[in-house]
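Chemist: Below are the structure tokens for one structure; questions will follow.
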Amino acid sequence: MAMTQLTTQDLTRIVAAHGLPTLLGRLVDYLEADFRRWPDFDKSARTAAHSDVGVIELMPISDARDFSFKYVNGHPGNTRLGLSTVVAFGVLADMETGMPSLISELTLTTALRTAATSVMAAKLLARKDAKTMALIGNGAQSEFQALAFHHLLGITEVRVYDVDPAATDKLVRNLAAAAPALRVVRSAGVAQAVRGADIVTTVTADKANADILTPEMIEPGMHINGVGGDCPGKTELATGVVDMASVFVEFEPQSRIEGELQQMPAGFPVTELWRVLTVQAAGRRNAAEVTLFDSVGFALEDYSALRLVRDCAKELGLGHESGLVPNLRDPKDLFGELAAGRGIQKAA
């Protein structure tokens, strides 16, 4: 069985072929389909190796047919070294044989799947008449969030703020080129950006317990996407904000360790999102309710994304065979693979 490799260049070709709005919409469809069959999956919280400057994680999941995992890091200080804060790759493998069928870049794809997951949640939790979004944190994820909500949920105005003005400059420039119909408003601070917003998305990078949103900023009917708090010791919302909201999560055992929930008592009530998708639990119950999607990123989302890029690559004839898995002429003769490559010195 050949193993296909997809590069960042392949991913950009997929986006160019389909267009970003169509691809994001298709990714939401894949996510919803997989979340609706939640009980089919063998699930666990990610394995993480933390240091003072960042984290490296492995995120596995499987059903009866496929196994997938993602390798991903998060190092906020990397930009000072000219490196990305986050890089990722992922693998799909066949459960019956154990043979990997796909290895793919997931750095760009993770940004797409995170934005698509935010949209999936907001479809269930935000008010249907939502038109304005505050976007706090204007780094690498921000364009994807803004464009997904603009194209898929009809957001017409986004108020943007970052402690780094250069990050906001970058975001404003990119959005002007990618979505000229989207009104982008620079804000002087978090409170100004949030005031009157229907949806508030926080996607900051600093590994710290921060109070970016505080209770006096929250208005009736707001939906909050807490995206940036995704590991122990990293939060974005004051406990009072979490306490006043109806809270929805991906995988509760992981969210209680990594999300905004790490600040809350063990019994604080939450609802896993799959239960809303399968109509086993309510989403938004009224127009005045404050809802919070405490998003930490879960392996099922990467599984969905890998399925999508695999299918798109097949449709477009992209990717090439990876040499990571040996294609043995005799599957019982692994040593012979070395000899065939003249890697073994013969005795004189």
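Only the coordinates and a few stated rules stand behind these numbers; no lab work does. Predicted model, so just to flag it, every value in this text is computed and none were measured. Don't worry about glycine lacking a Cβ; one is built from the backbone with ideal geometry, like all the others, and counts go over all protein chains shown.
Chemist: Helix 142-153 versus the longest principal axis of the chain: what angle, 0 to 90°, nearest 10, using Cα atoms?
Modeler: Result, in degrees: 70.
Chemist: Continuing with the same structure: Treating only the Cβ atoms of Lys and Arg (+1) and Asp and Glu (-1) as charged, compute the dipole magnitude of the chain about its Cα centre; round to the nearest 20 debye.
Modeler: Here the size comes out at about 620 debye.
Chemist: Between 0 and 90 degrees, rounded to the nearest ten: what's the tilt of helix 8-18 against the longest Cα principal axis of the chain?
Modeler: Here the helix axis deviates by roughly 60 degrees.
Chemist: Among rounded, prolate and oblate, which fits region 197-298 when a ≥ b ≥ c are the square roots of the eigenvalues of its C-alpha gyration tensor, a/c under 1.5 means rounded, and a/b larger than b/c means prolate?
Modeler: In terms of gyration-tensor shape, oblate.
Chemist: DSSP loop (so not H, G, I, E, B), at most 15 other Cβ within 10 Å: list which trypsin sites (Lys or Arg not before Pro) in region 246-292 pass both filters.
Modeler: ARG285
Chemist: Using unit Cβ charges (K, R positive; D, E negative) and no other charged atoms, how large, in debye to the nearest 20, is the dipole of region 120-298 about its Cα centre?
Modeler: Charge dipole, region 120-298, about its Cα centre: 560 debye, nearest 20.
Chemist: Using only Cα atoms, find the angle between the long axis of helix 20-36 and the longest principal axis of the chain, and express it within 0 to 90 degrees, rounded to the nearest 10.
Modeler: The angle comes out at about 80 degrees.
Chemist: Another question, if that's okay. Any idea how far the Cα center of region 124-181 sits from the one of region 270-313, in Å?
Modeler: 20
Chemist: Can you tell me the relative contact order of region 120-298? Whole percent, Cα pairs under 8 Å, sequence separation 6 or more.
Modeler: 23
Chemist: Sorted by mean Cβ packing within 10 Å, highest first, what order do the peptides 38-49, 201-212, 288-299 take?
Modeler: 288-299, 201-212, 38-49
Chemist: While we're looking at this one, here's another question. Farthest toward the dipole's positive end in the chain, which of ALA282, ALA111, LEU124, given Cβ charges of +1 (Lys, Arg) and -1 (Asp, Glu) about the Cα centre?
Modeler: My answer, from the dipole projection, is ALA111.
Chemist: Also, quick follow-up: Under 5 Å between amide hydrogens, which residues at least 5 positions from THR4 or on another chain qualify, with H placed 1.01 Å from N in the peptide plane?
Modeler: LEU102, ILE103, SER322
Chemist: What residue among ALA181, ALA134, ALA115 shows peak mean-square fluctuation when the chain is described by a Gaussian network model with Cα springs under 10 Å?
Modeler: Fluctuation is largest for ALA181.
Chemist: What value, in deg cm²/dmol to 500, does the helix sum -39500 (n - 2.57) over DSSP H runs of n ≥ 4 give at 222 nm once divided by the residues of the chain?
Modeler: My calculation for the chain gives -10500 deg cm²/dmol from helical runs alone.
Chemist: When only Cα pairs under 8 Å and 6 or more residues apart are kept, what is the percent relative contact order across the chain?
Modeler: 20
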